[in-house]
Ligand SMILES: [Zn+2]
Ligand SMILES: [Zn+2]
């Protein structure tokens, strides 16, 4: 989604397709997936179960990629139109569905916590005692 940013003249601001917040930390889900895949090599069983789900999600969003989007700071592609928070939240819930062990969730949060305002999945993680 794209809206004019009235505060800064004709500059535009890009909103996350999922939460409709401006994408302020533009690392695209594709780059994040590379990092998640690297991390998951330590947990082959989980990797096998989780990766197909992540790739399905990526397929869905890559169908929607248009000429508009926030430029990812890593791959310089304009595919960062789902914010890192929404993407890592998706992965977190998938990990939970797969009954990933607590120490794995804990590690996931050490590496991939984009809930910078502590208003989203951090709360749930606290309840689970993983952060
Ligand atoms: Zn979002
Ligand atoms: Zn990227």
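The values are calculated or read from the model by the stated rules, or taken from the named source; none is laboratory data. From a predicted model like this one, the values you see are computed outputs, not experimental measurements. Cβ coordinates were reconstructed from backbone atoms using ideal geometry, including for glycine residues, and neighbour counts include every protein chain displayed.
The figures follow:
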read-out: Close pairs from region 15-28: first within 16 Å of residue 72 (Cα to Cα) and modelled with pLDDT under 85, partner within 15 Å of ligand 2 (Cβ to nearest atom) and part of a loop (DSSP other than H, G, I, E, B), Cβ under 8 Å, at least 6 apart; value: 24/83; 25/83; 25/114
read-out: Among the residues listed as 74, 53, 106, the single one being under 13 Å from residue 36 (Cβ atoms), touching a helix residue (DSSP H, G or I) at 6+ places or on another chain (Cβ under 9 Å) and free of Cβ contacts under 8 Å to residues at least 60 places away in the same chain; value: 53
read-out: Inter-residue pairs, beta-carbon under 6 Å, first within 22 Å of residue 22 (Cβ to Cβ) and in region 85-97, second near ligand 1 (Cβ under 8 Å from one of its atoms) and not in a helix (DSSP H, G or I), 6+ apart; value: 86/16; 86/18; 86/19
